[in-house]
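Trainee: Pasting a structure here, questions to come.
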Amino acid sequence: LVLGPYAIFATWRESGFQIREHVRVVLPVAVFALILGFRAIWIARAFFALDGSAEAPAEDRQQVWSYCTQWSWPPEETLEWIAPGYYGWRSGEPTGPYWGRLGRSDGWEQTQQGFPNFKLETLYLGAFPIVLVALALYLAFVLRAMDRPDVVFWSLAALLTFLLGLGKFTPLYRLFFELPGMSSIRAPVKFMQVTQFALAILAALGLDGLLRSILSSLREGTARIRLTGFQRALWLTGGVVLLAALWQAVTSSAQVQKIAAEGWGQAAVVIADNRVGALVHGGLLLLGVAGWLGLMLRARSEEVVHRLAWLVVAVMALDQLWISHRYVQTVKAEGFIAGHAVTDYLKKELGQQ
């Protein structure tokens, strides 16, 4: 979705409007993409050929729309990018039941029919990557301290796919839905996977831009870039998030009663505690990245700068490792490859099949 347009963009960035260069670079990319996707396109042709939803009665058309957009990313849950588990870990999880709106059936509030919600994964990114994304935008557009073309491309890619991921919560997905064959695609939240990819590129660009600027000032003896406003915003945001956690903790009893009244019963206590923990986690990491940025800007040697750069990579990795145990578990391989009564029977009855 984005790598194809990026090939065209990168060719234009390097060679301008030289048609020969575009043919030399883009044509092989297009052919290779077609080879990779041919089987899927061929199988999906039936959906495009039989897609008559545009001519269907309005009532049926609305049913298709509701079906296709049920898993639209609720915009308020973007808080999960920095506050892991604030909306719960997943549906039915005793240590953190999901209580948001993702997967909710249309009209559920009135009819109580269908799904109240359903979610099994996390879209947590972490405060460090998010701040690096913001840093890339700040360096490129406010300070003009780094090249902007790639930042522009990946920012637009992240924004567009994020808006598509919101599905029914924004008008954009309705336009996408009306395109031929697109009404056969379900779960707009899948676009958020591409958003995460684009944000990862932006975070890398932000760290790279910061390193280049600091190392250049060390080698040439020039003044460091000024990030005073950016740092203040970080400290303020981290403080606000921690204050929100404190408020949630102080009003815990009222929060529990409110959550229980919404139908969560005994799970209300767990939900309230997870909210506080998620905000504390996000707030502390925001303050941590603010402190790390201050150390980077005060570093007096290239060795220290490189060590601090690896430190932020380590922190991000450990942060993801801490979250991953909620979703990833190891199992013994014997449970899948060892023989037992069922496999023995199937081998005997089915032979090579």
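The values are calculated or read from the model by the stated rules, or taken from the named source; none is laboratory data. Computed from a predicted model, the values in this text were never measured in an experiment. Quick reminder, even Gly has a Cβ in these numbers, built from the backbone with ideal geometry, and neighbours come from all protein chains shown. When the accessible area is computed, the model is the full protein with side chains, heavy atoms only, and any ligands, DNA or RNA have been set aside. Shrake-Rupley method; radii C 1.70, N 1.55, O 1.52, S 1.80 Å.
Residue by residue, here is whether (1) open to solvent by less than 20 Å² (accessible area, probe 1.4 Å); (2) of a type in the set (D, E, K, R) holds:
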| position | (1), (2) |
| --- | --- |
| F118 | no, no |
| L135 | yes, no |
| T161 | yes, no |
| L164 | yes, no |
| K168 | no, yes |
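Trainee: A further question on this structure: With the requirement that a residue be under 18 Å from the mean Cα position of the chain (by Cα) and open to solvent by less than 100 Å² (accessible area, probe 1.4 Å), what does the range 314-324 give you?
Mentor: Those that are under 18 Å from the mean Cα position of the chain (by Cα) and open to solvent by less than 100 Å² (accessible area, probe 1.4 Å): M316, A317, D319, Q320, I323, S324.
Trainee: Please state which of the following conditions G291 fails to meet, knowing it meets all the rest: (1) without any contact (Cβ under 8 Å) to a residue 40 or more places away in the chain; (2) open to solvent by 40 Å² or more (accessible area, probe 1.4 Å).
Mentor: (2)
Trainee: Out of all the residues in the range 146-165, is one or more farther than 22 Å from C68 by Cα, at pLDDT 95 or above and of a type in the set (S, T, Y)?
Mentor: yes
Trainee: Can you work out which of the residues in the range 294-312 that are over 17 Å from F128 (Cβ atoms) and among the small types (G, A, S) is surrounded by the most Cβ atoms within 10 Å (Cβ to Cβ)?
Mentor: A299
Trainee: For the range 69-87, state whether one or more residues are in a helix (DSSP H, G or I), at pLDDT below 90 and open to solvent by less than 30 Å² (accessible area, probe 1.4 Å).
Mentor: Checked the range 69-87: no residue is in a helix (DSSP H, G or I), at pLDDT below 90 and open to solvent by less than 30 Å² (accessible area, probe 1.4 Å).
Trainee: Quick check on this structure: which one of G229, G238 is on the phi < 0 side of the Ramachandran plot, crowded, with 18+ Cβ neighbours inside 10 Å and either under 24 Å from the mean Cα position of the chain (by Cα) or among the small types (G, A, S) (or both)?
Mentor: Of G229, G238, the one residue that is on the phi < 0 side of the Ramachandran plot, crowded, with 18+ Cβ neighbours inside 10 Å and either under 24 Å from the mean Cα position of the chain (by Cα) or among the small types (G, A, S) (or both) is G238.
Trainee: I've got another one for you. Evaluate the range 247-254: report whether one residue or more is of a type in the set (F, W, Y), over 27 Å from L132 (Cβ atoms) and at pLDDT below 95.
Mentor: no
Trainee: Only one of A204, A249 is over 21 Å from the mean Cα position of the chain (by Cα) and either small (G, A, S) or not in a helix (DSSP H, G or I) (or both); which?
Mentor: A249
Trainee: Return the residue satisfying two criteria in turn: it lies in the range 298-346 and is among the small types (G, A, S) and part of a helix (DSSP H, G or I), and of such residues it is nearest to W89 (Cα to Cα).
Mentor: By that ranking, first place goes to S324.
Trainee: Let me ask something else about it. Residues that are open to solvent by 60 Å² or more (accessible area, probe 1.4 Å), in a loop (DSSP other than H, G, I, E, B), under 30 Å from M182 (Cα atoms) and basic (K, R): does the range 95-108 have at least one?
Mentor: Within the range 95-108, one or more residues are open to solvent by 60 Å² or more (accessible area, probe 1.4 Å), in a loop (DSSP other than H, G, I, E, B), under 30 Å from M182 (Cα atoms) and basic (K, R).
Trainee: Assigned to a helix (DSSP H, G or I), surrounded by fewer than 13 Cβ atoms within 10 Å (Cβ to Cβ) and at pLDDT below 90, is that true of I41?
Mentor: yes
Trainee: Exactly one of (1) open to solvent by less than 40 Å² (accessible area, probe 1.4 Å); (2) touching a strand residue (DSSP E or B) at 6+ places or on another chain (Cβ under 8 Å) is unmet by V270. Its number?
Mentor: (1)
Trainee: Check L211, L295 and return the single one that is within 27 Å of the chain's Cα centre (by Cα) and either over 22 Å from L125 (Cβ atoms) or in a helix (DSSP H, G or I) (or both).
Mentor: Result: L211 is the single residue among L211, L295 that is within 27 Å of the chain's Cα centre (by Cα) and either over 22 Å from L125 (Cβ atoms) or in a helix (DSSP H, G or I) (or both).
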